[in-house]
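Take a look at the structure below.
The values are calculated or read from the model by the stated rules, or taken from the named source; none is laboratory data. All figures in this text were calculated on a predicted structure; none of them were measured in a lab. Glycine gets a Cβ as well: all are built from the backbone with ideal geometry, and neighbour counts include every protein chain shown. Ligands, DNA and RNA are stripped out before the accessible areas are found, and what is left, the full protein with its side chains, is counted by its heavy atoms. Shrake-Rupley method; radii C 1.70, N 1.55, O 1.52, S 1.80 Å.
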Amino acid sequence: MDMMDYIRQQSSVLSKALDDRSRITETFRRIFKEERPDHIYLVASGTSRNAAKAAAPFMEDCLGIEVSVFSATSAKDFFGERPFAIYISQGGNSTNTIAAIERNRDILSIAMTGNPDGVINTMVENYVEIPCGEETVGPKTKGYTTTVLQLYLFALEAARECGIRSEAYHDDVIGDLKRMVVAMASNVEASDEWVTRNSGRLQGMKTAYVIGKGVDASVADEGALKIMETLLIPAVGFECEEYLHGPSCSVADMTAGIYMMPPASDSKDLPRFEALVKYHRCACDATFTFSGTKSSDERDLWLTLGDNLYMRPFEYIIPIQILSARIPSLKGVEGLGHDRFKVLDGLVKTKARHD
């Protein structure tokens, strides 16, 4: 199995999770209904944290309470009368997440991992498995999208059961999610073709900025992480307005740009993004866009996008996952990031062991 295998599995994994949503949300629904928390804390690192950041805005909107995302090392104080922590770890053995749980033993919590044998599963009263299966190659792909979906479903099913959201709202979102899953196969193929068209430019990237707005900014963070893990170059994700306040001044001839464009109907933000892309392309040819609009420029990727902006974590991440799967072998660095991580893990012990 390689990264492309896991990327192509995503649509079937997400479809199964949607069909099995009653079972996989049962623990969260029960706790939420009984305790009615006033603040949810999502605690995670790496890709799991990026997934939490992508899911938090929808969860807030759906449940009507604040949802905060903490890195495991910063999860020191939980506020609110009835705080509820969800500890997320794909492998279930992250030492910093274990430390966060130990600091907050008295907090109502769930361990959410993709590993039934993970250490953190045994440290809290409630455990929920992320239903995506194992990814052995290192960088997570289906683990990211499945985590986002599961958190969405936690909020959506609890909101319906507790009367926070109507049946019609619930059904509309489920419909959007199902349409997104159907479109994913064509988006994978379109993204693969885009990577092939631009393989020279993508191989030549020395640094990369990934820019989005709203939920897209969280997707940009995960995209930057994937590029760093696989292409082994510096990459940074930016929220568009923050990017304008200083970082955009650092664009140079070796600074690639990936812009996650707002919808064509957005008369306020779209012109700003278009101006940014034009500015960036004056400095660096390796400046790309993702959108739902066809373009004659081979650097622009046209995807099948839904109208619900909360679907973007499942749509805009696909091309960056694929370039992260395809380009390393062309650069001669395939698997090197995973090897380096294993060496680093041996030195600083980022993962707990059962022995």
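In the chain, the convex hull through the Cα atoms has an average projected area of 17.4 nm², a quarter of its surface area.
Binning the C-alpha pair distances of region 5-113 at 5 Å intervals from 0 yields a P(r) profile of 2, 11, 20, 24, 22, 13, 6, 2, 0 %, listed from the shortest bin outward.
Sorting 110-116, 200-206 by their mean Cβ neighbour count within 10 Å, with the most densely packed peptide first, gives 110-116, 200-206.
Taken about its Cα centre, the chain carries a charge dipole of roughly 580 debye when the Cβ of each Lys and Arg holds +1 and the Cβ of each Asp and Glu holds -1. The residues of region 147-189 expose, per residue, 36 Å² of accessible area to a 1.4 Å probe. Averaged over residues, the count of other Cβ atoms within 10 Å places the peptides 56-65, 92-101 in the sequence 92-101, 56-65, highest first. Charged neighbours of His280, selected by a Cβ distance under 12 Å, balance to 0 (K, R count +1; D, E count -1). Estimated purely from DSSP H runs of n ≥ 4, each contributing -39500 (n - 2.57), the mean residue ellipticity at 222 nm for the chain is -16000 deg cm²/dmol once divided by its residues. Ligands, DNA and RNA left out, the accessible area of region 1-84 computed with a 1.4 Å probe is 42% carbon and sulfur.
Most tightly packed first, judged by the mean number of other beta-carbon atoms within 10 Å of their residues, the peptides 242-252, 186-196, 223-233 read 223-233, 186-196, 242-252.
The alpha carbons of region 1-46 stretch over 42, 28, 12 Å along the principal axes, in descending order. Selection among Ser250, Ser199, Gly237 by position relative to the dipole of region 177-265 gives Ser199 as farthest towards the positive end (Cβ unit charges, Cα centre). Straight-line cross-link reach from Lys206 at under 19 Å between alpha-carbon atoms covers these lysines, not counting any fewer than eight positions away in the same chain: Lys226, Lys331. The orientation-averaged projection of the convex hull spanning the C-alpha atoms of region 64-220 amounts to 12.1 square nanometres. Once you have a ≥ b ≥ c as the square roots of the Cα gyration tensor eigenvalues for region 110-177, tell me rounded if a/c is under 1.5, and otherwise prolate or oblate according to whether a/b is larger than b/c. Oblate, because a/c is 1.5 or more while a/b does not exceed b/c.
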